[in-house]
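What follows is a short report on a single structure.
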Amino acid sequence: MDRRQAIVEQIPHLRRYARALGRDPGAADDLVQDCLERALSRFHLFRAGTNLRGWLFTILHNLHVNQARRAVRRPDDVALPDGGGEMAGPASHGPDRGLPVRDLGRALDGLPADQREVVLLIGLEEMSYKQAADVLGVPLGTVMSRLARGRERLRQLMDNGDAPVLRRVK
């Protein structure tokens, strides 16, 4: 299999992770496109025999972090009403069918970025702890700790939605 085909096979995974990170499909697609452009233009830096998927996710993650840092430094955008409402799809049929997915999305948004990234890489993308650590550039123990805290926080948010964000330990 050639390198382009190997990269193309990872696009659905990259898109899913990017959409879960940003919650904006358009921005997520732009992020994936930037990732693919960077990967193809710098493929000479990829070491044969290493994990291509992990390399691509590392590029995507780093681009996301850089964009988030730039966004903090620029003024807020003003959202214009699109007149559309929510996306239609299989989950939107019936009065309550989309609620669990929507609630999970909101709960994920309630997690700190470092915990959300780990939860998404391991839970959604089914990466190993080691792969997630490599993508995020953190020690394995940090991944395990963030995952445990992130899962617990998700449980709290899904159970009662109004759990306190931070608890003080006396």
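Mean silhouette area of the range 111-152, derived from the convex hull of its C-alpha atoms and averaged over all directions, reads 2.4 nm². Accessible area ranking (1.4 Å probe, heavy atoms, ligands and nucleic acids excluded), largest first, for 65, 32, 8: 8, 65, 32. Scaled against the 2.2 N^0.38 Å expected of a compact globular protein of N residues, the Cα radius of gyration of the range 1-53 reads 1.18.
Just to verify a number: FRET efficiency for residue 113 and residue 155, C-beta to C-beta distance, R0 = 25 Å, to 0.05? E between residue 113 and residue 155, to the nearest 0.05, is 0.85.
Extension gain for the segment residue 148 to residue 44, taken as residue separation times 0.36 nm less the Cα-Cα distance, is 33.8 nm to one decimal. For the pair residue 126 and residue 3, label points projected 7 Å from Cα toward Cβ lie 2.8 nm apart.
The values are calculated or read from the model by the stated rules, or taken from the named source; none is laboratory data. Just so it is clear, the model here is predicted, and its values are computed rather than measured. Virtual Cβ from ideal backbone geometry, glycine too; neighbours counted across all protein chains shown. Side chains included, ligands, DNA and RNA excluded: accessible areas come from the protein's heavy atoms. Shrake-Rupley method; radii C 1.70, N 1.55, O 1.52, S 1.80 Å.
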